[in-house]
Structures are given as C-alpha cells and as structure tokens.
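Heads up: the structure comes next, in structure tokens.
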Amino acid sequence: PGIATLAFAATGPGGAAAWPHRLPRRRNARRRWPWLPRVVFEITACAAAIGGITVFRTQTGATDLYASAAPVLVAVPAVIVALRLYQLLLRGLARASAQRRGIIGFLGLTRAAQAPVTLALPAMTLVLALTLAAFTGMVRAAVAGGETAVSWQATGADVVVASGQLGISPSAVRAIAAVPGVRHAASALMVPLTLTNGGQVVTAIVVDPASYAALVASTEGFSPVRPALLTQTRGLGAIPVLASPQAAAYLGGPGGSTIFAQEGLPTLRVQVSGELQSTPALPAGGAFIVLPMSAIRGVSEPPPVNLMLLTGPSIDMTRLYAAVQATMPGADAPTITTRSLALQELTGAPLQQGTFLLFTLAIAYAAALALAVMLLELALGAADRELTTARLATMGLTEGQRVRLVAVEVIPSIAASAVAAAACAIALPRLVAPAIDLSVFTHSQAPMPLRPDFASFMLPLAVLLAITIIALAHEIRSKRGRGVAGTMRTPGGRTGEKRSNRW
C-alpha cells in the first residue's frame, strides 16, 4: 500500500486525473480479448500437468504418489485439447451437413457448436472417470497376464503326468492321450547325462519332434520348436539336438560332442542345431538338450517315457485320474500336476483379491460419477431443449425427429470425451510403466507389460450413451401434454428464446 501511495503521489494532479481515463481503456481491452483469461488458465493447467509428470518420473521414492496422480495429470491436457478442438470440428461438420438433405444433422451440429463451453464442460469431466476406469483395467489385465505366465512357467503344460522309476507304459500313454478335453499330448523321456569333456550334467529330453512341437505351440512363454531341426541329418553321423544356451556352451563348437552310454541310452554323437531359451518339459530351465526319439530306437530295450504333457482348455480330470489308476496302479503311481491349481493359488491370494476388489469398486465409482455428470449436463440444457423442441413441433417435425435432433446435439460432447479418454488410455502405459512394479502379485520376474485397455471404459460409455438417449426421449415425451403455448409463456422459455435465436 505504501509503494502504491508514493507512486500515485509522484504522478501529480495530472497523473491522478489520467487514471479515470485509463480504467475504461483496460475494460475495453478486456472486452477486446475475452479469450485471454481462458488461454492463460489452459496453458497454466497444461504446464502444471506436464511438469508434474516430469517431476514424478524423475523423483525417486514418489512412485506410489505418481501412479495415483497419473490418470489425473494425463486427463488434464486431454480435456483442454478436446475442448479446443471440439467446437472447431463441429463447425466443420455442420458446414458439411449443410450440403445434405434434411435439417436434423445440420441443426443439431450447429446448436452443439454454438453452445457455450460451460455446457460441454460437464461432459468433458467424463474423461477423468473414463481414464480412471482405463487405468484400473490396464493394471488388472497386466496382473492377470502375469499370473497366467507364472502358472505356465510353474508347470509347463495344463496337466503334467510325471512317473517314477518304472516310467509310463505305452498303454498308459494311449489312455492318457485319449482323455476327453486333451488337444495336444506329448510324451518325453527325461534323464540326466554326464558329459565326458568336462563332467557337466545336462538333462536329456527325448521326444517325438512333431507331437512335442505341436504341444509347445499350444503353450505360452516357451521357445518354439522346429521339428526340422531335430530330423535333418548331420555330418559324421551326429544326432541333431536343440540345446539351452548353457548346454550349448558345454557341448562345444560345431564339430559336436560324444556322450557315452549311460542311463539306458546308447553312446550318442550329438551336434547342436538350434538353441531354446526354455521348454515345457523343463520349465525351471537349466542345462538341457532335446533329442529326437529316433536317437534311441536302435536300443534293444529302450527305457520307457517318464513324462507326459497335456494341453487343453477343459481336460476331464476325473477321467484322467481313472485312466492313470487303471493303467498304472500301485505305489509307483505317477504324480499329476495341473496348471489350474497353480493359477488358483496366485489368484486366490488375499493381496490379489483385495486389490481386484478395489479395482472393481473404482470402476463402479467411475461409472456412477460419469452417470451423475451426464444427468447434470442434461439438466443444464433442459430449458433450452424444451423451447427448441416446442418450436420444431410448430414447424411440423415429428416426435422421433425431435429426439434425433436432441441426440445429435448432445452426443458429440460424449464422443469427444470418448476420444480424449482413448488418448489417455494410449498414453498411460508409457507414462506409468517405469513407476509401477507388479511383481509383488506374482513373486516372480515374469514380464507383466502394461497395454491400453479400451474395453474397461467402452462398455460403461456405451451404457451411458444408451441411458442418455433414453433420458432425452423420456424428456421430450413428458412435455407432450404441455403444449407449445405453455412452453413459450414460461420464464425458462423466454430465457431459452434469447439463447436459441442463433440457430
């Protein structure tokens, strides 16, 4: 105040007399640039949101706060851009619809384009609710995908039948493969072999190349097997094998290695024809080689297979247990492991159930908020729509045409909200992926990539759109008995008359 007083006194009488002339000039400047406060606010909001995203991503120890605030920070610029482009696009569509026959599209789009921004703003707040739904759906889908990947890594197949010392007889193999629900079945002989050049131990997996490759193709997360690499002949009579990177290093160079007879297998001259990062028969990984079954056919009494892998979405476990008991009774009955049980242990954990319950409640809250916003928008424009429909009734438009006109006027703001929410759903995975660690749900390092989830908000949006159209139709039908004259005499009608002269 003191500085202001000194400055006012320094101007003297002439300066004091000039103030009344400067104030109207400033008021005229405000009338000349009415958009300036809005532009300043929008730029400030965008800068604050972008700055918040940048600070949170570079700041350690604030990942939880960033993950919680990310949907809001991303939605702010999306809403501002959508509001800026909304009316421009509608004006272009209105000019294009003027070339067509009929008045519904042109009149509805023109009224929507000329509506004040305050009427479109409630619909734009849908972006925040839809972005929240997309965020929760994205995280939930990532956790579910990670749990599925971990269950495959734990078992290797939907059902694993592992035998003891006696192995699985050929009749048991046929009976197990014939169980209803089994789509792919592969038997394998797994034996540990000691290499002569260094004493390292590798696990030999002897399989039928065709059936094993088909089974691997029906699993998730394992390296594909090319049967041709196990059937083509190699130089110097070497047997082609597929090896893990560790086993390939043990076996040496391209010349191949010799594995002397052991564990019921003959002396083998093997050569690596390809590498496998992982395989269903040994999901834990390690040093392993995959050999074709033809490598041991020359043995007088080849050892029986001791592992069977089955895949199928609905394997009849009752029939499977019955087939195993009928073909291999006794104390050496095989061990049966199912992937569904491993997946159930993950999904049934208290942490997962509590988190998914919170996700469901968050989506329900977002849907309720979106519905409240839509009802608010309909209430704000009810008086103007009532006067418009009354005038259109005097011009000969039917009730159905009036409903379509009002729908064309209201739906563009909802469509703009959907586009902005889709942009947020696309941006969220890239922005929040470095700050979210979902391994706590699976207790493993299985990859859980975040991907845009459109289904989580498209279904609520479709329901909201249907409710909006039904509400508009009910609003028009409820005014049917009031009459045009009664509508025009109401204070709301006179107010709406001033706002509706533009069309």
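The values are calculated or read from the model by the stated rules, or taken from the named source; none is laboratory data. Keep in mind it's a predicted model, so treat the numbers as computed, not measured. As a convention, Cβ positions derive from the backbone with ideal geometry for all residues, glycine included, and neighbour counts pool all protein chains shown. Only protein heavy atoms, including side chains, enter the accessible area calculation; ligands, DNA and RNA are left aside. Shrake-Rupley method; radii C 1.70, N 1.55, O 1.52, S 1.80 Å.
A few notes on this one:
- When ARG226, ARG234 are checked against the criterion of being charged (D, E, K, R) and at pLDDT below 85, a single residue qualifies: ARG234.
- Set THR196, THR279: member being under 38 Å from the mean Cα position of the chain (by Cα) and touching a residue at least 60 places away in the same chain (Cβ under 8 Å): THR279
- If the condition is being of a type outside the set (A, V, I, L, M) and either open to solvent by less than 40 Å² (accessible area, probe 1.4 Å) or outside any helix (DSSP H, G or I) (or both), then the range 340-353 contributes GLY348, GLN352.
- Pick from the range 142-173, criterion over 29 Å from the mean Cα position of the chain (by Cα) and open to solvent by 40 Å² or more (accessible area, probe 1.4 Å), ranking: modelled with the lowest pLDDT: GLN165
- Each residue in the range 174-212 was checked for being closer than 22 Å to LEU268 by Cα, of a type in the set (Gly, Ala, Ser) and at pLDDT 90 or above, and 4 of them qualify.
- The requirement of being outside any loop (DSSP other than H, G, I, E, B) and among the acidic types (Asp, Glu) is not satisfied by GLU220.
- Top-ranked residue of the range 318-339 - restricted to ones that are open to solvent by less than 80 Å² (accessible area, probe 1.4 Å) and closer than 23 Å to GLY221 by Cβ, ranked as farthest from the chain's Cα centre (by Cα): ILE336
- Residues of the range 443-455 satisfying the condition of being modelled with pLDDT under 80 and surrounded by 14 or more Cβ atoms within 10 Å (Cβ to Cβ): SER444, ALA446
- In the range 137-147, the residues that are in contact with a helix residue (DSSP H, G or I) (Cβ under 7 Å, 6 or more places away or on another chain) and not hydrophobic (A, V, I, L, M, F, W, C): GLY137, ARG140, GLY146, GLU147
- Among residues of the range 251-310 being in a loop (DSSP other than H, G, I, E, B) and charged (D, E, K, R), the one that is least open to solvent (accessible area, probe 1.4 Å) is GLU263.
- VAL305 under 20 Å from PRO224 (Cα atoms) and in contact with a Gly (Cβ under 9 Å, 6 or more places away or on another chain): no
- When ALA323 is tested against the conditions (1) under 30 Å from VAL440 (Cβ atoms); (2) out of contact with any Phe, Trp or Tyr (no Cβ under 6 Å at 6 or more places or on another chain), the lone failure is (1).
- Every condition in (1) of a type outside the set (A, V, I, L, M); (2) over 18 Å from VAL79 (Cβ atoms); (3) part of a helix (DSSP H, G or I) is met by PRO412 except one, and the failing one is (2).
- Total residues in the range 354-381, condition surrounded by 15 or more Cβ atoms within 10 Å (Cβ to Cβ) and small (Gly, Ala, Ser): 5
- Residue in the range 384-420 that is least open to solvent (accessible area, probe 1.4 Å), counting only those that are small (Gly, Ala, Ser), modelled with pLDDT under 75 and on the phi < 0 side of the Ramachandran plot: ALA390
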